[in-house]
Amino acid sequence: MKRAFVFLVLAPAFVFLTVVLICLAVAGTKSLDFVFFGAMALSILTLPMSATAAAVDGFLAPSCPISSRVYLIVIVGATIATGEAAVFSSLLSSSIVMALAIGGASVMGGCALLSHDYSVRPGTAMEPEISRKSRRFRPASIRFSLS
């Protein structure tokens, strides 16, 4: 539930507020209707990216540590944002496409960090019970260590 809320609610809200604040700082309050329209369009385009990144993050969460998972979700966010921008490639310049990719990567990376359950402590890596019983029959070069 936490992952769905962070990716599907907080990510579009963050995109909306960021676009509104940047456009207000650049253009002022002269074109407020256009600013809100652009922010709403970008936050709606964020939903498919967020849903896909949430699915990938949920798939990787049990098996991948947060330090690796965040980078993978950043790559997914940048790839999907670039793919969505490629649909409108004739309308957008390459600098805008790059800005959308960087924005998608940073938002999805932040959502991956926010949705991680930091209260769960990983167990200590232990040697399997079977290998301790048959220790003399395995080669000396094989070690069971996760560090």
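Here, each number is a calculation from the coordinates, and none is a lab measurement. In this text the structure is predicted, and so the values were computed from the model without any measurement. Methodologically, a virtual Cβ is constructed for each residue, glycine included, from the backbone with ideal geometry; neighbour enumeration extends over all protein chains shown.
Side notes on the structure shown:
- Estimated FRET transfer efficiency when R0 is 41 angstrom, pair M98-S119 (beta carbons, to 0.05): 0.65
- With both labels modelled 7 Å from their Cα along Cα-to-Cβ, the D33 to C64 distance reads 4.5 nm.
- If the segment from V87 to A25 were pulled out straight at 0.36 nm per residue, it would be longer than the present Cα-Cα gap by 19.5 nm.
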